[in-house]
Amino acid sequence: METTTVNYTFKAEVKQLLAILAHSLYKERDIFLRELISNASDALTRIQFEMLTNRDVLDADAELAIRLETQTKDNEETDAGDATAPKVLIIRDSGIGMTRADLEKNLGTIAQSGAREFLSKLGSGQLDPGDMIGQFGVGFYSVFMAADEVRVVSRSHQVGESAWAWVSDGSDQFRIEPAEKAERGTEIHITLKNDAAEYADAWKLRQIIKKHSDFVRFPIFVNGEQANQQTSLWRKNASEVTADDYKKFYQQLTYDFEEPLTKIHFASDAPVNVRALLFISNKREKSMISARKEPGVMLYSHNVLIQEYCTDLLPKWLGFVDGVVDSEDIPLNVSRETVQNNRVMKQLAKTIRGRVMRELKGMAEKDADKYNMFWAEFGRALREGIATDQEAKDEVMPLLRYATSQSDGKLLSLDDYIKQMGEGQTELYYVLGDDLKSVAHSPHLDPFKARNLAVMYWVDPLDAYIAPMLNEFQGKKFRNVDDPELELPAKAEDKPEAEHSDNAAGNVSDVDFGILVSRVRQILGDRVTEVRASKVLKDSPMRLVSPKDDFERERGRLNRFFDREYKVPKKMVELNRNHPIIVDLAQTLNDPLGSELVDLSIEQMYDSALVQEGLHPNPADMLPRIQRLMAAALKRG
Ligand code: ADP
Ligand code: MG
């Protein structure tokens, strides 16, 4: 075991990181304070947690606090004339402390992979190093943005450990040496760079703390005076909290620059004691610099942080909800397993989930614009809810929103859809596809347009997945428009479109059409289940319908989306014998020179239909054929 001073060299990645930090911009420097205070706060949280079950620690009764102190080097405070004497900032905490081995590992060797990751992210984007550093477990090193030298003196909470110091000037070495420190905790002595002397200005420090660390749960003193609010905002009455406080709290919790989309602040004592402050952000994707690295809410009991990322209170699909849940009913002598299996936790989970769902429902009813913003970002999460969580279906179905073939881009709830249904419509129609543009031109819509029936556009990949689970809403069945068995209500002008009068312009004889059908069968072979004339198509030459009893038809699409092994599903081909392309094809069949053109056209029509359906494995594969088609067409023309 070491008893004397030992010198170490930083790993290459860390050296590189330190070099970047030493030359970073002044405007980013403030955040080193946030990082050091956040480390101090973590250390206090950890000792608080430790003492729940173990009182046998050094200084068990010490106040849990963070203290900042400013000095001029060698205590020359009185010597006002010496403006060049280096300024010193000391940050002290009564947290868990570090042993010699901790210092070596936590501030020396462990940072390697974080530094590497940080450097690669930095290299790939335009991000400021200051903004993102905390995310990679290398936040401590940000101190070198402002420091010429750093001396970390720490004494572990473990009785019998002595104090050690970690010292570095941030170039390529550090040393660890024995030190004097009577109390538990960590003290960071920062000798400020000349151009960073402002961090020895108490007023400036208070400003930064207000901005970045106001809601740290432990008091932060600057030269003896408390600088942070230190309120557990969630424990206050909603009526006592200003909008600005909510925003600041959210921003300090997440580092999101924007305001949250919505907040949920509530308290209840039965059936379980709970104070909670939850947020839904504006964006589903967390930004690179998010302070919240994982899903889950912070779980407190009696103002002690029990779990930083608690995922047992909300189902996974509601993982986008962030914030704090505090319950006095959770026993404090907890381990992670007991937290999970606790009866109180179950009640708590039920309460929290109910409250979140109520918020969404309320938003959907009262503020459609806001809800649509939510839907655009988190609609997929709700679909995941239906896909993965039995209980979710009834809660979530009223929250679904879809554009329809008649809504002009406007989003409708299922309720709205049912309200706009005309007499005779008894089922809920949807069309699946990759995007709004392609479904809007879907051949399946022909008979619906003719009957003035609205069709919901289901273009999220998960829509296909949940379609069989939805089954029905308000007693009305969901029906895919590609279903060949669909019985549609009669058209207004009751002219059955199956009827192909022989004198219709450009019509094709039964014989010619029959030959075309067998040619299509021959070419598409066992890629399709059947080829037949359509009774419903109007504006499109061909469509693909699902054979009856094809239960996997919706889910098959997902493989394509998730890049799994994907097989183009076998569909039934319907041809529109009144469509000019089909008519021309049938006639070209008799032309010996047109044979290549016919075959290419059939292949191309089939591929186009697959693209239309969102089923084509790789549309770029069509390009060589399209060239051949053009060549053949030009030759003939
Ligand atoms: P992170 O906080 O993300 O782990 P940092 O670079 O900020 O990364 O800190 C590295 C590690 O150093 C911490 O995880 C912790 O173990 C240790 N550490 C830093 N500051 C303190 C402190 N004030 N008290 C105790 N341990 C600390
Ligand atoms: Mg940190």
Rounded to whole Hz, the Karplus (6.51, -1.76, 1.60) HN-Hα couplings of the stretch 373-380, x for glycine and proline: 5, 4, 4, 4, 8, 10, x, 5
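State the volume of the convex hull built on the alpha-carbon positions of the stretch 233-373, expressed per residue in Å³ and rounded to an integer. All intermediate terms of the calculation are to be shown ahead of the outcome.
On the way: hull volume 15.9 nm³, N = 141.
With only Cα atoms used, the stretch 233-373 gives 113 Å³ per residue.
Counting only protein heavy atoms and using a 1.4 Å probe, what share of the accessible area of the chain belongs to carbon plus sulfur, as a whole percent? Numbers along the way, then the final one.
Working: 14700 of 30440 Å².
Accessible surface attributable to carbon and sulfur in the chain totals 48 percent.
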Nearest-10 value in Å² for the accessible area of THR351, using the 1.4 Å probe: 30 Å²
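Rounded, prolate or oblate: which one fits the chain, using the alpha carbon gyration tensor with axes a ≥ b ≥ c (rounded when a/c is under 1.5, else prolate when a/b beats b/c, else oblate)?
Numbers: a/c = 3.30, a/b = 2.24, b/c = 1.47.
It is prolate, given that a/c is not under 1.5 and a/b is the larger ratio.
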Local electrostatic count at VAL573 - Lys and Arg +1, Asp and Glu -1, tallied over other residues with Cβ under 11 Å: +4
Karplus-derived 3J(HN,Hα), 6.51/-1.76/1.60, for each residue of the stretch 179-193, Hz, glycine and proline x: 9, 9, 7, 7, 9, 5, x, 10, 10, 10, 9, 10, 8, 6, 4
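Given the C-alpha atoms of the stretch 368-423, compute the convex hull and give its volume per residue in Å³. Please list the in-between numbers first.
On the way: hull volume 5.3 nm³, N = 56.
So the per-residue Cα hull volume is 95 Å³.
Taking K and R as +1 and D and E as -1, what net charge do the other residues with C-beta under 15 Å from the C-beta of HIS441 add up to?
Values: positive: LYS437, LYS449, LYS538, ARG543; negative: ASP434, ASP435, ASP446, ASP482, ASP539, GLU613.
Computed value for this residue: -2.
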Candidate lysines - alpha carbon under 27 Å from LYS635, same-chain residues fewer than 8 apart omitted: none
The stretch 316-322 - phi-based ³J(HN,Hα) in whole Hz, Karplus 6.51/-1.76/1.60, Gly and Pro as x: 4, 5, 9, x, 7, 7, 10
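How would the stretch 425-637 be classified by its alpha-carbon gyration tensor: rounded, prolate or oblate, with rounded meaning a/c under 1.5 and the a/b versus b/c comparison settling the rest? Mind dumping the intermediate values first?
Numbers: a/c = 2.17, a/b = 1.30, b/c = 1.68.
Here the stretch 425-637 falls in the oblate category.
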Hull volume in cubic angstrom per residue (convex hull over the Cα atoms of the stretch 115-233): 162 Å³
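For a 30 Å ceiling on Cα separation, which of these pairs sit above it: LYS11/LYS193; LYS366/LYS548; LYS410/LYS477; LYS210/LYS263? Show your work: numbers first, answer last.
On the way: LYS11/LYS193 24 Å; LYS366/LYS548 42 Å; LYS410/LYS477 23 Å; LYS210/LYS263 21 Å.
Violating the 30 Å limit, Cα to Cα: LYS366/LYS548.
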Solvent-accessible area of GLU359 with every protein chain in place, 1.4 Å probe, in Å² to the nearest 10: 40 Å²
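Sorted by mean Cβ packing within 10 Å, highest first, what order do the peptides 144-154, 256-266 take? Present the calculation step by step, with values, prior to reporting the outcome.
On the way: 144-154: 22.5, 256-266: 17.5.
Packing order, densest peptide first, comes out as 144-154, 256-266.
For a quick protection proxy, order the peptides 201-211, 533-543 by their average other-Cβ count within 10 Å, most packed first. All intermediate terms of the calculation are to be shown ahead of the outcome.
On the way: 201-211: 16.2, 533-543: 20.2.
The packing order, highest mean first, is 533-543, 201-211.
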Percentage relative contact order, the chain, counting C-alpha pairs under 8 Å, at least six apart: 9 percent
Amide H partners (placed H, <5 Å) of THR529, local residues excluded: LYS571, MET572, VAL573
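Which whole-number value in Å² is the accessible area per residue of the stretch 6-226, probe 1.4 Å?
Numbers: 9610 Å² over 221 residues.
Accessible surface, normalised per residue, equals 43 Å².
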Amide H within-cut-off set for LEU428, under 5 Å, with H built and near neighbours excluded: LYS477, PHE478, ARG479
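Tell me the Kirkwood radius of the stretch 292-385: reciprocal of the mean inverse pair distance over distinct alpha-carbon atoms, in Å. Could you put the intermediate results ahead of the total?
Details: mean 1/r = 0.0699 Å⁻¹.
Answer for the stretch 292-385: a Kirkwood hydrodynamic radius of 14.3 Å.
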Value of [θ]222 nm, deg cm²/dmol, for the chain, DSSP H segments ≥ 4, -39500 (n - 2.57) each, nearest 500: -11000 deg cm²/dmol
Prolate/oblate/rounded call for the stretch 6-226, Cα gyration tensor, a/c under 1.5 rounded: rounded
Amide H partners (placed H, <5 Å) of HIS265, local residues excluded: LEU278
Cβ crowding within 10 Å averaged over residues, with 100-112, 558-570 ranked highest first: 100-112, 558-570
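The values are calculated or read from the model by the stated rules, or taken from the named source; none is laboratory data. Just so we're clear, the structure is a prediction, and the values are computed from it rather than from any experiment. Note that we place each Cβ from the backbone using ideal geometry, even for glycine, and neighbour counts take in every protein chain shown. Side chains are part of the model used for accessible areas, which takes the heavy atoms of the whole protein and leaves out ligands, DNA and RNA. Shrake-Rupley method; radii C 1.70, N 1.55, O 1.52, S 1.80 Å.
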